[in-house]
Structures are given as structure tokens and as C-alpha cells.
1. Please find, within the stretch 40-58, the residue that is nearest to LEU24 (Cα to Cα) out of those that are open to solvent by less than 60 Å² (accessible area, probe 1.4 Å) and of a type outside the set (Asp, Glu).
2. Do any residues in the stretch 56-70 that are in contact (Cβ under 8 Å) with a residue 12 or more places away in the chain have Cβ atoms under 8 Å from those of residues that are of a type in the set (Lys, Arg) and surrounded by 10 or more Cβ atoms within 10 Å (Cβ to Cβ), where the two are at least six apart or on different chains, and which pairs are they?
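The values are calculated or read from the model by the stated rules, or taken from the named source; none is laboratory data. The structure displayed is predicted, hence computed values, not measured ones. Here the Cβ positions follow ideal geometry from the backbone for every residue, glycine too, while neighbour counts run over all protein chains shown. For the accessible areas, the whole protein counts, side chains as well, though only heavy atoms, and no ligand, DNA or RNA atoms are used. Shrake-Rupley method; radii C 1.70, N 1.55, O 1.52, S 1.80 Å.
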Amino acid sequence: MVQPPAAGAEQGRGGRGEGLVQVLGARRALSGESVRFTMPWQGCDYEVFIEPIKHVSGSIVGALGITIDI
């Protein structure tokens, strides 16, 4: 699971850390790791899954993310 950034970590959009966990998760998926984390947004909690997409040759060509309202 991706962990929220530590205090003082690099900030995302708007300087409030918004989007940082999602960006880190996407980067990890693009490096080949399956990622799962919970994310609060606008008063709801979401379970986020991000998987690497691999070409038949084995190279990573993208990532696919799915979000479920929990």
C-alpha cells in the first residue's frame, strides 16, 4: 500500500499535498509495482488500485487505475 507523504514532504497541486499520493502510486505502477491505497476525497473514502500495463515483450507501456467508493 502507498503511504501518505510524511510531514514536510513535497507538495502537490495547490501546495496542500493534494494529488501527491496518487502521483506516487502511478509512478510506482509505471515502474512495475501493483499499488493499492485508500484515499479520502470530498467527504467519501475510495479504494484505489493501480496496475502496470505490460507489452507482450514484458516492457511496461502504461498503467491502469480503478477507484471504488467504499
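1. Filtering the stretch 40-58 for residues open to solvent by less than 60 Å² (accessible area, probe 1.4 Å) gives 44, 46-48, 50, 52, 58.
Those still in the list that are of a type outside the set (Asp, Glu) too: 44, 46, 48, 50, 52, 58.
Details: CYS44: 21, TYR46: 16, VAL48: 12, ILE50: 11, PRO52: 13, GLY58: 22 Å.
Taking the candidates together, the pick is ILE50.
2. What qualifies is ILE60/LYS54.
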